[in-house]
1. Can you pull out every residue in the range 16-33 that is more than 20 Å from the chain's Cα centre (by Cα) and either surrounded by 10 or more Cβ atoms within 10 Å (Cβ to Cβ) or in contact (Cβ under 8 Å) with a residue 24 or more places away in the chain (or both)?
2. I'm checking my understanding of the structure. Among residues of the range 98-107 that are closer than 17 Å to THR58 by Cβ and exposed (fewer than 11 other Cβ atoms within 10 Å of the Cβ), which one is modelled with the highest pLDDT?
3. Which numbered condition in (1) surrounded by 16 or more Cβ atoms within 10 Å (Cβ to Cβ); (2) modelled with pLDDT of 75 or more is the only one that PRO49 fails?
4. For the subset of the range 66-97 comprising residues that are of a type outside the set (A, V, I, L, M, F, W, C), part of a helix (DSSP H, G or I) and modelled with pLDDT of 85 or more, which member is farthest from the chain's Cα centre (by Cα)?
Amino acid sequence: MPLHFSKDGYTFRSDPQGLVIEPGSRPIVLGRLELNHLGLSPKDDYQIPHGAREGSSTPIDRIVTALAEAIRRCHGTEDAWMAQDLHRAMVLVGGLDEATAQSILDQEGV
């Protein structure tokens with residue numbers, strides 16, 4: 001289904017073959033709502049889960065829940081580096097799909 005949108009003198013047309021932006025003389029920024037007008041659904045590269053989902057017992061959910069609890073126990077400036085590293089671990093673990101996480105755990109015998 002072809003879509004058409006105009007903003008600040010630009011014309012945006014999308015169809016199954018691609019997206020055309022005209023005239024293109026200077027940079028322009030489209031927000032989420034404007035991208036939705038073109039049929040595009042922006043998604044975050046990753047979302048950090050902050051706890052296990054209700055009734056879920058997957059390895060990723062359990063690990064992220066444990067990391068979140070460990071972050072809550074970090075207090076003061078002396079633990080700031082640890083909280084930052086735990087947050088990084090949450091990002092890494094939360095970005096794994098279940099099959100990859102289970103494969104890694106199986107290889108490590110955990």
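1. LEU19, VAL20, ILE21, GLU22, GLY24, ILE28
2. Narrowing the range 98-107 to residues closer than 17 Å to THR58 by Cβ: 98-106.
Filter once more, keeping what is exposed (fewer than 11 other Cβ atoms within 10 Å of the Cβ): 99, 106.
Working: ALA99: 86, ASP106: 89.
The qualifying residue modelled with the highest pLDDT is ASP106.
3. (2)
4. Keep residues of the range 66-97 that are of a type outside the set (A, V, I, L, M, F, W, C), which gives 69, 72-73, 75-79, 84-85, 87-88, 94-95, 97.
Retained after the next criterion (residues that are part of a helix (DSSP H, G or I)): 69, 72, 77-79, 84-85, 87-88, 94.
Still in the running and modelled with pLDDT of 85 or more: 69, 72, 79, 84-85, 87-88.
Numbers: GLU69: 21, ARG72: 22, ASP79: 26, GLN84: 18, ASP85: 18, HIS87: 14, ARG88: 14 Å.
Selected residue: ASP79.
The values are calculated or read from the model by the stated rules, or taken from the named source; none is laboratory data. Everything numeric in this text was worked out from a predicted model, so none of it was measured. When we count neighbours, we look across all protein chains shown, and the Cβ atoms used for this are built from the backbone with ideal geometry, even at glycine.
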